[in-house]
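K.L.:
Before I ask anything, here is the structure I am working with.
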Amino acid sequence: MLITCPYCGPRDVIEFTYQGDGNRERPNPASQDLEAWNAYVYDRLNPAGDHNEIWQHSGGCRAHLRMVRNTLTHEISSVAFVRGAAANTKSGGKP
Amino acid sequence: MAEHQIPQRQSPLEPDYRVGSHGDFEHGVDVILTETRPGSILQLAAWPGEEKMLMSAIRAITGLALPDGAGGGATDGARAAFGFAPGRFTVVDETEGLAASFARVVTPAIGTVTDLSHGRTAIRIAGPKAEWVLAKLFAIDFALSAFPLGAGRSTTHHDVFTQIQRTGADQFDMYVFRSFARSFWKTLCHASEEVGYEVQ
Ligand SMILES: [Zn+2]
């Protein structure tokens, strides 16, 4: 499987580390909403198809990446820096 | 007057650094391996939005103008610089003291300077089979069209993180963690045996 890092270009999957489900929304650290924390820690969509994921190019530029990967075909339809996506969220739009 | 004692940096490759020709050299030496032992190896990082300021600082201190774009780099033989990650650059000088020069111009508003001179080992491979040998170790494209002169790449060989800069049409400089350097060196020597190699 090849992942096209926005900085380094296409690289073997062995250079990357999976950092988890990209759909989770972390509750406010001060939150005492147990349902929200439970959902953050345990609830996963587990789709058969496109899936939002966070990866790190740990064996390359070390950037954190937001990716959409198809769990049936391994096709990767988008890769972007998490830093850029986070900046978009701040300015209003959802990633 | 007493003679000054200049501390000599020891090479981590020493026990396995055997000057001379090795492997299948009877049919010709197709790569030359050397430890270049630069005096300064720095990592510079720009805060988001300050990349251009940092690149100007690199130009002011080293005289090297880096091209825009991922992995862009340049070398003049004595100094070398290349991007290895977004907003991050490796800068190398034959002589010591580069960190002090950068500390004066890379202000806290621009970014950071980290002196890795004692933490990295610099290994050069040169010769007509340099691309061939490296392609056995790293899963990246070493062709000149894909990996232009001066450009840098961050990659790994069996989890040994390596920064590679093309410093000639058939020459590459590699920077590896000092603690992994001897193991990496031995791997590189084994990979070079079939083409015949010389350690200088
Ligand atoms: Zn990368």
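The values are calculated or read from the model by the stated rules, or taken from the named source; none is laboratory data. Note that the coordinates shown come from a computational prediction; the quantities given were computed from them, not determined experimentally. As a convention, Cβ positions derive from the backbone with ideal geometry for all residues, glycine included, and neighbour counts pool all protein chains shown. We work out accessible area using only protein heavy atoms, side chains counted, and drop any ligands, DNA or RNA first. Shrake-Rupley method; radii C 1.70, N 1.55, O 1.52, S 1.80 Å.
K.L.:
For region A:4-13, take each phi angle, set θ = phi - 60°, evaluate the Karplus expression 6.51 cos²θ - 1.76 cosθ + 1.60, and give the result in whole Hz per residue in order, putting x for glycine and proline.
P.N.:
8, 5, x, 9, 8, x, x, 9, 5, 4
K.L.:
Next question. Which residues' amide hydrogens lie under 5 Å from the amide hydrogen of B:G111, considering only partners 5 or more residues apart or on another chain, with H built in the peptide plane?
P.N.:
Excluding prolines and chain starts, which carry no amide H, the hits are B:W47.
K.L.:
Run the helix sum for the protein assembly as shown: -39,500 (n - 2.57) per DSSP H stretch of 4+ residues, divided by residue count, reported at 222 nm to the nearest 500 deg cm²/dmol. Don't skip to the end; give the middle numbers.
P.N.:
On the way: 6 runs with 61 residues, N = 295.
Taken over the protein assembly as shown, the calculation gives -6000 deg cm²/dmol.
K.L.:
For chain B, take the longest principal axis of its alpha carbons; what is the angle in degrees between that and the long axis of helix B:178-192, to the nearest 10 within 0 to 90?
P.N.:
40
K.L.:
In µm²/s, what is D for chain B at 10 °C and 1.306 mPa s, where D = kT/(6 pi eta Rh) by Stokes-Einstein and Rh is the Kirkwood radius from Cα pairs?
P.N.:
It diffuses with D of about 91 µm²/s by this estimate.
K.L.:
While we're here: How many partner chain Cβ atoms sit within 10 Å of a residue's Cβ in peptide B:68-75, on average, as a whole number?
P.N.:
Working: counts 0, 1, 6, 4, 0, 0, 0, 0.
Average per residue, whole number: 1.
K.L.:
First obtain the Kirkwood hydrodynamic radius of chain A from its Cα pairs, then insert it into the Stokes-Einstein equation at 25 °C and 0.890 mPa s, and state the resulting D in µm² per second as a whole number.
P.N.:
Here the translational diffusion coefficient equals 170 µm²/s.
K.L.:
Explain nothing, just the number: dipole magnitude of the protein assembly as shown about its Cα centre with +1 on each Lys and Arg Cβ and -1 on each Asp and Glu Cβ, in debye rounded to the nearest 20.
P.N.:
So the magnitude is around 780 debye.
K.L.:
Okay, next question. Rounded if a/c is under 1.5, else prolate if a/b beats b/c, else oblate: with a ≥ b ≥ c from the C-alpha gyration tensor eigenvalues square-rooted, which is region B:40-115?
P.N.:
oblate
K.L.:
Which value, in debye to the nearest 20, describes the size of the charge dipole of region B:40-115 about its Cα centre when Lys and Arg Cβ atoms bear +1, Asp and Glu Cβ atoms bear -1, and nothing else is charged?
P.N.:
Computed charge dipole of region B:40-115: roughly 160 debye.
K.L.:
Also, quick follow-up: Dipole of region B:118-200, Cα-centred, from +1 at each Lys and Arg C-beta and -1 at each Asp and Glu C-beta, to the nearest 20 debye?
P.N.:
Computed charge dipole of region B:118-200: roughly 300 debye.
K.L.:
Would you kindly derive the ³J(HN,Hα) couplings of region B:105-111 from the backbone phi angles with the Karplus curve 6.51 cos²θ - 1.76 cosθ + 1.60 (θ = phi - 60°), listing them in order in whole Hz, with x for Gly and Pro?
P.N.:
Those phi angles translate into 10, 8, 6, x, 6, 8, x Hz.
K.L.:
Taking just the alpha carbons, could you work out the radius of gyration and Dmax for the protein assembly as shown, both in angstroms?
P.N.:
Both quantities, over Cα of the protein assembly as shown: 22.2, 79 Å.
K.L.:
Another question about this same structure. Please turn the phi angles of region B:52-64 into ³J(HN,Hα) values with the Karplus equation 6.51 cos²θ - 1.76 cosθ + 1.60 (θ = phi - 60°), one per residue in order, whole Hz, x for glycine and proline.
P.N.:
For region B:52-64, the Karplus-derived couplings read 5, 4, 5, 5, 5, 5, 4, 5, 5, 7, 9, x, 8 Hz, x marking Gly and Pro.
K.L.:
For B:H157, list long-range residues whose amide hydrogen, built 1.01 Å from N in the peptide plane, is under 5 Å from its own amide hydrogen.
P.N.:
Amide H neighbours of B:H157: B:T162.
K.L.:
Just going by the charge dipole of region B:62-147, with Lys and Arg at +1 and Asp and Glu at -1 on Cβ, which of B:L144, B:G73, B:P108 is farthest out on the positive end?
P.N.:
Of the listed residues, the answer is B:L144.
K.L.:
To continue, here is another question. Around A:Q19, which amide H atoms from residues at least 5 apart in sequence, or from another chain, sit under 5 Å from its own amide H, with H modelled in the peptide plane?
P.N.:
Amide H neighbours of A:Q19: A:I54, A:W55, A:Q56.
K.L.:
Also, quick follow-up: For A:V13, A:V41, what's the largest-to-smallest order of accessible area, 1.4 Å probe?
P.N.:
Greatest to least solvent exposure: A:V41, A:V13.
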